[in-house]
2 protein chains.
Amino acid sequence: MGVSGCGKSTIGKLLAQELHIPFFDGDDFHPESNIKKMSSGQPLNDDDRHGWLETLNNLAKKQLANNSCVIVCSALKQKYRELLSEGIEEQTEWIHLFGSFETIYNRINARKDHFMSSEMLKSQFDTLEEPDNAIAINVKLLPKEIIEKIKIELMEKSKFGLLGLGVMGKSLCRNLANNGFKISMFNRHIDGVEENVASDFKNEHNELSKALPFDKLKEFVNSIQKPRKIMLMVNAGKTVNIVIDDLLPHLSEGDIIIDGGNSNYNKTKERFEYLKSKKIHFIGTGVSGGEEGALKGPSIMPSGDLEAYKKVQPFLEAIAAKDGNNLPCCTYIGPEGSGHFVKMVHNGIEYAEMQLLAEIFSILEASGKNPDEIADILESWKQEADSYLLNITINVLRKKENNDWLIHKILDKAGNKGTGNWTTIASAQLGAPSTLIASALFTRYTSFYKEDRVEANINFSTKNDLNLDMSSTDLLKAYQFARIINHNQGFNLISQASKNYKWDLNLSEIARIWTEGCIIKSNLMMELVEILKREEAILKDENIIQTVRDLKESTKKVISQCILNELPISCLSESINFFNSYKTANSSANLIQAQRDYFGAHTYQRIDDASGKFYHTNWN
Amino acid sequence: MGVSGCGKSTIGKLLAQELHIPFFDGDDFHPESNIKKMSSGQPLNDDDRHGWLETLNNLAKKQLANNSCVIVCSALKQKYRELLSEGIEEQTEWIHLFGSFETIYNRINARKDHFMSSEMLKSQFDTLEEPDNAIAINVKLLPKEIIEKIKIELMEKSKFGLLGLGVMGKSLCRNLANNGFKISMFNRHIDGVEENVASDFKNEHNELSKALPFDKLKEFVNSIQKPRKIMLMVNAGKTVNIVIDDLLPHLSEGDIIIDGGNSNYNKTKERFEYLKSKKIHFIGTGVSGGEEGALKGPSIMPSGDLEAYKKVQPFLEAIAAKDGNNLPCCTYIGPEGSGHFVKMVHNGIEYAEMQLLAEIFSILEASGKNPDEIADILESWKQEADSYLLNITINVLRKKENNDWLIHKILDKAGNKGTGNWTTIASAQLGAPSTLIASALFTRYTSFYKEDRVEANINFSTKNDLNLDMSSTDLLKAYQFARIINHNQGFNLISQASKNYKWDLNLSEIARIWTEGCIIKSNLMMELVEILKREEAILKDENIIQTVRDLKESTKKVISQCILNELPISCLSESINFFNSYKTANSSANLIQAQRDYFGAHTYQRIDDASGKFYHTNWN
């Protein structure tokens, strides 16, 4: 591409020759009507160009199916280029031959059989919208040099950089390579220690044969086509800042950094602002799916500025999981750190979903069932409540080691990496009660005090026989009930953040990208895609209301039975307690307000004064 | 005070004359033994001085009982001065006559009947430990000028400044004045609006007759004796920073700012560091007791550097509530923001204590009792579970307006000012589950969605008859059970913070200053003072263990009955759920660890490997 007279045809032909692929001049593909119009001296308008650009797009697609080709076309406007590369965005390489007005004017008029008025050339320059995703080549160079430069960019440079070759980073590299992208790979290391991680990794996997491995950051950055797209898969926290500061001296204006770790959304906002001041784009993106998801298709939750996102969209969409309609489980979430916020809540919901399964496991174990029997029961729940977590729990329970269940060998101190903690904090800060998530977090914390628990078990032990009056259907219903409350709270938290930060998030679309690829994918999530199109809160949906009413009696039974039998079920229990608070029209918060006014003169509002005026009483 | 030759006797006599009070020369009170020693040319050691300084201290005390006096004494070391002012620290005024070595050497040797070798004078200067709580006067001034300066400092300047005349600030001013302190008072205002707040306030209360009211910050600061002690009683948050920055240009090195608001402990640490760089001391202190407590004696929780605290200690201890042993409910908590942290947890515990009473109220109301009947029941609980909050709840419930109970008129949307939120956040950050506090916070949040609750009440209403099978004794026991768990969690959070931040906090002492003056004072708190001397965790105490075992059956009954009857009791319910988790020797956290390892390769530890090694399994 480039303005008239930049030398497109000459260079295009040379390049095609060099690459042994066909060459096409776009101008040869105008329809009769356009040719007539031009012959009559009338300029083409955008409507005239539309069909022609589609023809070229089809030509490109057809050529791609075989090998490739070089097409020259001035393609001055962004919308022409979008049409030209529609559906083949990732495979299209733009080469922009640029030069100053003077250079090009002189070149044209130096040619014997050409003439272009300065007026006409100026209109070309006025129309030109500079592409930001093209290999830009100055026409001052000799044709030989130009071809050489293009070849290096095309053949040697990669399209995407991945920094951080941990479990997730490695899986994403393979996923990108499997999708046909040429990537650069880099891992931080201390000299002499862990060297050659990238090249060793490359050698282990056939799909990485074209990937470029690096041990030096500068070489890694230089190996990537501009505007560079560099995805960080490093530990959340300070490491991200360190890596960004290491990268900065090597980057160029307009390059894009993507943070794919579980970073705190507040930090993502800070980094976004910081990098903006350096003219570098920053995309904070949640990536869920664990090791396997990252390899085969994760759920991806990117945020930042939309323009930058569009440049990385083809990569992220290609590697993402596909939903039931074959749409990628990747969507632009919103501005700032909204992608990391949404990922954080995803993990919060995950904490509660895991804890609910752990409580179910406790109850069934207490009632004398062995892990295989428990797995059988959970297996039978698939029809009603299928989910990824249910499935892996079944597999976990069945896993044996030397004829004993492996689950019995695992120490009961639950770890955490911060997202459940952050979700609880966000919930407290935003005034959106996510009580099941908080409960799941705190139960993990309590599990950590193993020695205290063993001591307390002795101090508080009772010899009551277990007397659990419930069926496994009751238990399934309580589980379903709690899951609905958990999802209601999680999406409500997202909704509150969206309002508070003015992010304008699409809850249904978020549910959609969670239907595949991620840890909390489930049949319930698939239902929520439609429900959240209709309602802003899950508990306001008519079908859900009916379901909850149907599940409630069993839930009450299960929870009260567990409490009478001293089984620890914080998360299940919180589901009914939240539900009961939520459906109380007149709560005892009036007493709280009276107490606050009593000792602190905090004032209160009255039910008989709709103006919202605040009153103070002298209570003594 | 001052080195030999500074002119103490001359100035002392003039001052006593001017003030019409007796004058004493310290040297006249040496015992026989000291006189002999000095006559024989031997220098006195500190042991020799001890009795003599005690004599002067007794002299001062005796004089103070009548009127006052001037005593001169070189008092070069801090420990001499501490002895001299022991028991009368607040009433003692130190005047330090200072000058350069050269000035004083020349002055002494210019006197006809005096001679002091440069050697001897040098040893005086070497011994001198400069006081930081004295009126410092340069001896270069004329005696007349010196007397004038001292008079201004003594007679016109105040001892303590209070900035911020809201509900709490005003009460503290009156409390300080009632304790005999001359104070300066200032309130921020916009010119033309809210002017004269301080002087209007002064005019309303007799006890403030000697207080100095100001509308201009500079005058306010200048009216306070150095090192200035200025207590901020302004809204927590940005206002504190603004006020500090307003104050800074007017302050002198060594002045002390005390923040008595509910500031976030992290901010207190930041401000401490910031002011340290400006050579200003910063004391962050919690003040609990509401309006009435602030006036009659609050519980005070100061932190910061101990040296600075000692200078404000007499003021804070004087205005604090007194415990059962007549000791002030004020103690140095620890470094940094530990005082505000402890106050924050105080408020967190308060949130849960209030919520528990609100839930009891709900249950009794649901069972058909009116507020007076409920108040009667709570009245009967005083013997077993007396507390300030129980008492005010009884008063609230009995309060009527036009023959109806006022409680029925109050809108059930509970407000909050941040400390419950921060406690929940700290709990999440420190890994110390304070589930009752979190639950109380989240219940306030849920109460806030009034419109949703009314809608949900319609959607989820059932017509089941209430069938609550429990006695009011059961309810009392459940209440007591939950309070023990709440206090256990609150003190555990403090204990975790103390370990994490290396604050070395004294839990028993914290319980002690909470036995009077504050909102959560109770009979239980009085028991905890002794328990926390013996045990680091409340639930490890033998008596508590027995109590909890006794209360447990009723608690289980109450909670299961409430769940079956759909009464919202998140906080009560969380008490038994935490207890059940806490006393589970082998929890289902093993399943959580297996799930985490399954999808994220997060690894797990094993019960059959005490080395703590981490394992990963290929679960598929």
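Can you tell me how many residues in the range A:1-58 are open to solvent by 50 Å² or more (accessible area, probe 1.4 Å), charged (D, E, K, R) and farther than 22 Å from A:ASN133 by Cβ? Residues that pass the stated criteria total 7. Looking across the range A:63-76, the residues that are over 21 Å from A:ALA318 (Cβ atoms) and either of a type in the set (Asp, Glu) or open to solvent by less than 50 Å² (accessible area, probe 1.4 Å) (or both) come down to A:CYS69, A:VAL70, A:VAL72, A:CYS73, A:SER74, A:ALA75, A:LEU76.
Considering every residue within the range A:595-611, establish whether at least one is within 30 Å of B:SER288 (Cα to Cα), open to solvent by less than 10 Å² (accessible area, probe 1.4 Å) and of a type in the set (Ser, Thr, Tyr). Checked against the condition, which is being within 30 Å of B:SER288 (Cα to Cα), open to solvent by less than 10 Å² (accessible area, probe 1.4 Å) and of a type in the set (Ser, Thr, Tyr), the range A:595-611 yields at least one hit. Set side by side, the residues B:ASN421, B:ASN416 differ, and just one is open to solvent by 30 Å² or more (accessible area, probe 1.4 Å), touching a residue at least 12 places away in the same chain (Cβ under 8 Å) and either more than 7 Å from every other protein chain (Cβ to nearest Cβ) or within 31 Å of the chain's Cα centre (by Cα) (or both), which is B:ASN416. If you go through the range B:325-366 and keep only what is closer than 30 Å to B:LEU397 by Cβ and either of a type in the set (D, E, K, R) or touching an Asp or Glu at 6+ places or on another chain (Cβ under 7 Å) (or both), you end up with B:CYS329, B:LYS343, B:GLU350, B:GLU353, B:GLU359, B:GLU365.
Counting the residues of the range A:529-545 that are part of a helix (DSSP H, G or I), open to solvent by less than 70 Å² (accessible area, probe 1.4 Å) and without any contact (Cβ under 8 Å) to a residue 60 or more places away in the chain gives 7. Out of B:SER522, B:SER560, B:SER570, B:SER554, I need the residue that is of a type in the set (Ser, Thr, Tyr), at pLDDT 95 or above and within 24 Å of the chain's Cα centre (by Cα). Which one? Residue meeting the stated conditions: B:SER522.
Among the conditions (1) surrounded by 13 or more Cβ atoms within 10 Å (Cβ to Cβ); (2) modelled with pLDDT under 90, B:PHE115 misses just one, which is (1). For B:ILE513, which of the numbered conditions (1) free of Cβ contacts under 8 Å to residues at least 40 places away in the same chain; (2) open to solvent by less than 10 Å² (accessible area, probe 1.4 Å); (3) of a type in the set (A, V, I, L, M); (4) over 24 Å from B:LEU476 (Cβ atoms) fails to hold? (1) is the only condition that B:ILE513 fails.
Considering the range B:424-436, and only residues there that are more than 7 Å from chain A (Cβ to nearest Cβ) and of a type outside the set (Gly, Ala, Ser), the residue that is most open to solvent (accessible area, probe 1.4 Å) turns out to be B:LEU430. If you go through the range B:437-455 one residue at a time, do you hit one that is touching a Gly at 6+ places or on another chain (Cβ under 8 Å), more than 8 Å from every other protein chain (Cβ to nearest Cβ), crowded, with 18+ Cβ neighbours inside 10 Å and over 14 Å from A:ALA585 (Cα atoms)? Yes; the residues of the range B:437-455 include at least one that is touching a Gly at 6+ places or on another chain (Cβ under 8 Å), more than 8 Å from every other protein chain (Cβ to nearest Cβ), crowded, with 18+ Cβ neighbours inside 10 Å and over 14 Å from A:ALA585 (Cα atoms). The numbered conditions (1) in contact with a strand residue (DSSP E or B) (Cβ under 7 Å, 6 or more places away or on another chain); (2) closer than 22 Å to A:ASN565 by Cα are all true for A:LEU406 except (2).
Contact map, the range A:127-151: residues that are under 16 Å from A:ALA75 (Cβ atoms) and open to solvent by less than 60 Å² (accessible area, probe 1.4 Å) paired with residues that are in a helix (DSSP H, G or I) and charged (D, E, K, R), Cβ distance under 6 Å, separation 6+ or inter-chain. Pairs shown: A:ILE135/A:GLU153; A:ILE137/A:LYS149. If the condition is being touching a strand residue (DSSP E or B) at 6+ places or on another chain (Cβ under 6 Å), in a loop (DSSP other than H, G, I, E, B) and under 19 Å from A:GLY324 (Cα atoms), then the range A:290-310 contributes only A:PRO298. When restricted to residues that are farther than 24 Å from B:ASN179 by Cα and open to solvent by less than 10 Å² (accessible area, probe 1.4 Å), the range B:210-241 contains 1. Looking at the range A:93-108, is at least one residue under 37 Å from the mean Cα position of the chain (by Cα) and at pLDDT below 90? Yes, the range A:93-108 contains at least one residue that is under 37 Å from the mean Cα position of the chain (by Cα) and at pLDDT below 90. Of everything listed in (1) within 22 Å of A:ALA478 (Cα to Cα); (2) within 7 Å of another protein chain (Cβ to nearest Cβ), the single unmet condition for B:SER575 is (2).
For the range B:546-553, indicate whether the set of residues that are without any contact (Cβ under 8 Å) to a residue 60 or more places away in the chain, of a type outside the set (Asp, Glu), touching a strand residue (DSSP E or B) at 6+ places or on another chain (Cβ under 8 Å) and more than 7 Å from every other protein chain (Cβ to nearest Cβ) is non-empty. Among the residues of the range B:546-553, not one is without any contact (Cβ under 8 Å) to a residue 60 or more places away in the chain, of a type outside the set (Asp, Glu), touching a strand residue (DSSP E or B) at 6+ places or on another chain (Cβ under 8 Å) and more than 7 Å from every other protein chain (Cβ to nearest Cβ), which makes the answer no. Among residues of the range A:376-397 being of a type in the set (Gly, Ala, Ser) and under 27 Å from A:ALA438 (Cα atoms), the one that is surrounded by the most Cβ atoms within 10 Å (Cβ to Cβ) is A:SER387.
Would it be correct to say that A:LEU493 is under 20 Å from the mean Cα position of the chain (by Cα) and open to solvent by less than 20 Å² (accessible area, probe 1.4 Å)? In short, yes. Entry remark, the range B:557-579: residues being buried (at least 24 other Cβ atoms within 10 Å of the Cβ), assigned to a helix (DSSP H, G or I) and not acidic (Asp, Glu) number 13 in total. Could you list, in sequence order, the residues of the range A:454-479 that are farther than 20 Å from A:ILE360 by Cβ and among the basic types (Lys, Arg)? A:LYS463, the sole residue that qualifies. Residues of the range A:316-358 that are surrounded by fewer than 24 Cβ atoms within 10 Å (Cβ to Cβ), among the aromatic types (Phe, Trp, Tyr) and part of a helix (DSSP H, G or I): none at all.
Assessment of the range A:268-279 against the conditions (in contact with a helix residue (DSSP H, G or I) (Cβ under 6 Å, 6 or more places away or on another chain) and at pLDDT 95 or above) yields at least one matching residue. Number of residues in the range A:528-556 that are within 20 Å of B:THR462 (Cα to Cα) and among the charged types (D, E, K, R): the value is 8. Of everything in the range A:132-149, what is modelled with pLDDT of 90 or more and of a type in the set (Val, Ile, Thr)? Give them in sequence order. Selection gives A:ILE137, A:VAL139, A:ILE146, A:ILE147. Just one residue in the set B:LYS400, B:LYS369 is basic (Lys, Arg), within 12 Å of another protein chain (Cβ to nearest Cβ) and open to solvent by 10 Å² or more (accessible area, probe 1.4 Å); that residue is B:LYS400. In the condition set (1) open to solvent by 10 Å² or more (accessible area, probe 1.4 Å); (2) more than 9 Å from every other protein chain (Cβ to nearest Cβ); (3) modelled with pLDDT of 95 or more, A:ASN467 is compliant with all but (3).
The values are calculated or read from the model by the stated rules, or taken from the named source; none is laboratory data. Keep in mind the model is a prediction, meaning the values are calculated, not measured. A quick note on method: Cβ atoms are made from the backbone with ideal geometry, for glycine too, and the neighbour counts reach across all protein chains shown. SASA here: full protein model, heavy atoms, side chains in, ligands and nucleic acids out. Shrake-Rupley method; radii C 1.70, N 1.55, O 1.52, S 1.80 Å.
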